[in-house]
Amino acid sequence: MIPLDRRTAGMKLVVDRSRCEGHGLCEAVAPDLLRVDDGFATPVHDGDVPADQQDAAHSAVEMCPIAALRTA
């Protein structure tokens with residue numbers, strides 16, 4: 001059985017790389033979900049958001065100054 005903190009509730013974190021400018025605010029808010037590498041935010045774990053990290057994912061989306069993040 002998969003531990004509760006590793007399950008996903010079907011939420012994905014998606015980065016629009018054509019918009020991302022690599023400010024890093026998303027990584028600061030959700031370091032377990034995003035990394036800024038080579039000037040772009042990159043989702044960790046193929047963008048799957050563990051159930052216990054959904055609030056952090058929403059915060060990262062809200063913090064992005066150029067709206068390069070969204071949840072799906």
Any idea what angle helix 54-63 forms with the longest principal axis of the chain, computed on alpha-carbon atoms, 0 to 90 degrees, nearest 10?
10 degrees
Which value at 222 nm does the chain reach when only helices count, each DSSP H run of 4 or more adding -39,500 (n - 2.57), with the total divided by all residues and rounded to the nearest 500 deg cm²/dmol?
-5500 deg cm²/dmol
For Met63 and Ala28, extending 7 Å from Cα along the Cα-Cβ vector and measuring point to point gives, in nm, a value of 0.7 nm
Considering Cα pairs under 8 angstrom that are at least six residues apart, work out the relative contact order of the chain and quote it in whole percent.
43 percent
First select every other residue whose beta carbon is under 13 angstrom from the beta carbon of Gly24; then total the charges, Lys and Arg +1, Asp and Glu -1.
-3
Using +1 on the beta carbon of Lys and Arg, -1 on that of Asp and Glu, and nothing else charged, what's the dipole of the chain about the Cα centre, debye to 20?
200 debye
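Rule-based calculations on the coordinates, nothing more; no lab input. Just so you know, these numbers come straight off a predicted model, no measurement behind them. Cβ coordinates were reconstructed from backbone atoms using ideal geometry, including for glycine residues, and neighbour counts include every protein chain displayed.
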